[in-house]
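Here's the structure, in structure tokens; my notes come after.
The values are calculated or read from the model by the stated rules, or taken from the named source; none is laboratory data. Nothing here was measured: the structure is a model prediction, and the numbers come from that model. Heads up, the Cβs are rebuilt from the backbone with ideal geometry, glycines too, and the neighbour counts pull from every protein chain shown.
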Amino acid sequence: MPIQTKFAIAFSLPGKNNMYIDLLIKIKNAQAAGKPILKVTATKADKAVADVLSERGFVKSVELKGKSYKKYLEIELDGAKKISGLKFRSKPSLRNYAGYRELKKVKGGYGTLVLTTPKGILTDERARREKVGGQLLFEIW
């Protein structure tokens with residue numbers, strides 16, 4: 001019989017090609033399993049993506065913890081809306097780029113498109129407001 005724990009711990013070596021893909025899958029799986037807290041190794045890109053998810057209500061809070069060489073993100077999932085779907089727009093083998101005029105609403109405005117720009121990792125709404133385009137990372141709803 002598996003041991004039930006209070007939170008999910010997911011540590012993996014951060015790869016530069018799949019920086020945000022692993023994080024999103026871990027968050028989605030932890031939410032589906034009903035875990036209140038998720039701990040993952042921290043990178044700057046993962047922190048930025050987690051902050052965007054927190055801003056949009058998919059996670060409750062994000063905290064950076066640990067010492068300088070053993071940093072991890074503690075992501076609180078309780079009370080947040082669950083991730084019902086993901087679509088990765090850029091993959092390590094195929095990068096997709098768009099200008100701010102080309103950004104379309106996701107699921108009729110219900111979802112969010114996340115992209116990386118010269119101003120950091122932004123949602124589609126904020127990128128249109130700041131008139132900046134970039135690499136499309138993923139759609140989430």
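Some observations on this one:
- Considering only residues in the stretch 52-64 that are touching a residue at least 24 places away in the same chain (Cβ under 8 Å) and farther than 16 Å from Lys82 by Cβ, the one that is surrounded by the most Cβ atoms within 10 Å (Cβ to Cβ) turns out to be Val52.
- Qualifying residue in the stretch 97-120 (condition: within 21 Å of Thr41 (Cα to Cα), among the hydroxyl-bearing types (Ser, Thr, Tyr), out of contact with any Ser or Thr (no Cβ under 9 Å at 6 or more places or on another chain) and modelled with pLDDT under 95): no
- Residue list for the stretch 19-41, filter: buried (at least 17 other Cβ atoms within 10 Å of the Cβ) and of a type in the set (Val, Ile, Thr): Ile21, Ile27, Ile37, Val40, Thr41
- Restricting the search to strands (runs of 3 or more DSSP E) fully inside the stretch 25-79 and requiring at least 1 residues that are under 15 Å from Ile121 (Cβ atoms) gives 61-65, 72-76.
- Within the stretch 91-141, being surrounded by fewer than 18 Cβ atoms within 10 Å (Cβ to Cβ), under 19 Å from Leu53 (Cα atoms) and either of a type in the set (Ser, Thr, Tyr) or in the same structural domain as Ser54 (by TED's automatic domain parsing) (or both) holds for Tyr110, Thr117.
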